[in-house]
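Enquirer: Before I ask anything, let me first share the structure, which is written out below as structure tokens.
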Amino acid sequence: MSDWRIYRGAGVPHEGVSELPGPPPWRDFAGARDPRNGGGGTGDGDGSESADAARRLGAQRRLVENLHPRAEEVEAVNAALYLRRPLLVTGNPGTGKSTLAHAVAHELGLGRVLRWPVVSRTTLKDGLYHYDAIGRLQDVQLDRAVAGGSGTAPAERPPIGSYLRLGPLGTALLPAGPEEGGRAPRPRVLLVDELDKSDIDLPSDLLNVLEEGEFGIPELERLAEREPVTEVLTADGDRVPVRGGRVRCTVFPFIVLTSNGERDFPAALLRRCIQLELKPPGHEQLAAMVTAHLGEEALADGEELVERFLRREPGQVVATDQLLNALFLTQRASGAERVTRDRLAEMLLRPLDRPR
């Protein structure tokens, strides 16, 4: 369309939003598109992966034989797998720290990535489990009120497990069941995103759980003699049995801890991790990423922006998703004047560390 704008700033209501094209593949929350049919699916055509993985890795990733990870990245991932240790990944925003967890899960067939986003108020318990004590108390009081008004005995109230839900870390530490065909059980993949955003205590609080691979749920441990097995909800939405009030892993999960380098971590945590610093992507990595998300044609048309991204000043922080945004939007605005496309690219590629 000659005029790429949906909002025109004219102040006159219109139905232009109906002409809004589909979202970028990495912002398609309704399900990644299969490039072969333009519809739902995961980009692989078999529906085996979640839309989240497709958004992270690229809806057209099968068109790329190799995403060209650096040798040190591959070696660090393998070290963490062999040693059953967490992988602590640091680097500037947009270098692919979170995507690494999805790439490993995709290649090794480890299923959906469990994600634990960390903020300043996050505690260890948030990652392990949540107990809805208030909801349980309200249900008990409601049962009593209904029974008192009807003159009948109160109905059997839901078990305590109905009020317990394991968090991402708690779910990752569940014992793995036997695999079909005699294969060894597979680990879950857990992404602990932006650990450096946490308060000062969380990295130290993680030490024991990461070392022992287990944790207790006091609310269930108190009832262990009377209720040795309790079914609880997981972060996946499934119900699983917890025995004796403790969760013990049989296969240590593949855990990726990400950090933007905004703080130092205690030596005790560093000792328990494999450390990897992700460097900004080079031309091979960028070309593979653009092809996976937007296709080969987008790479050819956007070569000038890719080179501009690579020629940024040393130390200047620009995220790779900014490049993807610029390529996607300037293509959609192909009918606009060159000065408009340049202005859009300038806006979207603004360095993250530039003073406002």
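Enquirer: Kindly establish whether residue 284 is over 18 Å from residue 100 (Cβ atoms) and surrounded by fewer than 15 Cβ atoms within 10 Å (Cβ to Cβ).
Expert: Against the criterion (over 18 Å from residue 100 (Cβ atoms) and surrounded by fewer than 15 Cβ atoms within 10 Å (Cβ to Cβ)), residue 284 does not qualify.
Enquirer: Next question. Checking residue 227 against (1) at pLDDT below 95; (2) crowded, with 18+ Cβ neighbours inside 10 Å, which single condition isn't satisfied?
Expert: (2)
Enquirer: So residue 251 clears everything in (1) under 25 Å from residue 96 (Cβ atoms); (2) outside any helix (DSSP H, G or I); (3) among the β-branched types (Val, Ile, Thr) except one condition, right? Which one?
Expert: (1)
Enquirer: May I pose another question? All but one of (1) in a helix (DSSP H, G or I); (2) over 30 Å from the mean Cα position of the chain (by Cα); (3) at pLDDT 75 or above hold for residue 204, so report the exception by its number.
Expert: With respect to (1) in a helix (DSSP H, G or I); (2) over 30 Å from the mean Cα position of the chain (by Cα); (3) at pLDDT 75 or above, residue 204 is out only on (2).
Enquirer: Please name all residue pairs, on different chains or six or more residues apart, with Cβ atoms under 6 Å, provided the first residue is in segment 191-215 and is more than 16 Å from residue 126 (Cβ to Cβ) and the second residue is assigned to a loop (DSSP other than H, G, I, E, B).
Expert: As it stands, the answer is 196/260; 196/262; 196/263; 213/249; 213/252, since those pairs meet every condition given.
Enquirer: Let me ask another. How many of the residues making up segment 252-284 are free of Cβ contacts under 8 Å to residues at least 12 places away in the same chain and not charged (D, E, K, R)?
Expert: 1
Enquirer: Also, quick follow-up: Find the residue count for segment 345-356, including only residues that are farther than 23 Å from residue 58 by Cα, in a helix (DSSP H, G or I) and among the hydrophobic types (A, V, I, L, M, F, W, C).
Expert: Residues that pass the stated criteria total 1.
Enquirer: Follow-up question, since we're still on this one. Of all residues in segment 266-281, which are buried (at least 18 other Cβ atoms within 10 Å of the Cβ) and either more than 21 Å from the chain's Cα centre (by Cα) or over 19 Å from residue 76 (Cβ atoms) (or both)?
Expert: 269
Enquirer: Given the residues 324, 352, which is the only one that is within 22 Å of residue 21 (Cα to Cα) and outside the structural domain of residue 95 (by TED's automatic domain parsing)?
Expert: From the options 324, 352, the qualifying one is 324.
Enquirer: If you don't mind, there's one more thing I want to ask. May I ask you to list the residues in segment 215-235 that are closer than 7 Å to residue 245 by Cβ and outside any loop (DSSP other than H, G, I, E, B)?
Expert: Matches in segment 215-235: 216, 220, 221.
Enquirer: Also, I was wondering about something else. Mind checking whether some residue in segment 207-219 is over 25 Å from the mean Cα position of the chain (by Cα) and surrounded by 17 or more Cβ atoms within 10 Å (Cβ to Cβ)?
Expert: Yes, there is a match, as at least one residue in segment 207-219 is over 25 Å from the mean Cα position of the chain (by Cα) and surrounded by 17 or more Cβ atoms within 10 Å (Cβ to Cβ).
Enquirer: In segment 240-291, which residues are at pLDDT 90 or above and polar (S, T, N, Q)?
Expert: 250, 258, 259, 260, 275
Enquirer: Pick from segment 231-271 the residues that are out of contact with any Asp or Glu (no Cβ under 9 Å at 6 or more places or on another chain) and among the hydroxyl-bearing types (Ser, Thr, Tyr): which of them is farthest from residue 132 (Cα to Cα)?
Expert: Among those that are out of contact with any Asp or Glu (no Cβ under 9 Å at 6 or more places or on another chain) and among the hydroxyl-bearing types (Ser, Thr, Tyr), it is 250.
Enquirer: Output the residue which, of all residues in segment 122-135 that are of a type outside the set (Val, Ile, Thr) and at pLDDT below 95, is farthest from residue 81 (Cα to Cα).
Expert: Within segment 122-135, the match that is farthest from residue 81 (Cα to Cα) is 135.
Enquirer: Between 266, 314, which is over 27 Å from residue 5 (Cβ atoms) and touching a helix residue (DSSP H, G or I) at 6+ places or on another chain (Cβ under 7 Å)?
Expert: Testing whether each residue is over 27 Å from residue 5 (Cβ atoms) and touching a helix residue (DSSP H, G or I) at 6+ places or on another chain (Cβ under 7 Å) leaves just 266.
Enquirer: Name the one entry in 336, 326 that is outside any helix (DSSP H, G or I) and either of a type outside the set (A, V, I, L, M) or on the phi < 0 side of the Ramachandran plot (or both).
Expert: 336
The values are calculated or read from the model by the stated rules, or taken from the named source; none is laboratory data. In this text the structure is predicted, and so the values were computed from the model without any measurement. Every residue, glycine as well, gets a Cβ built from its backbone with ideal geometry; the counts of neighbours run over all protein chains shown.
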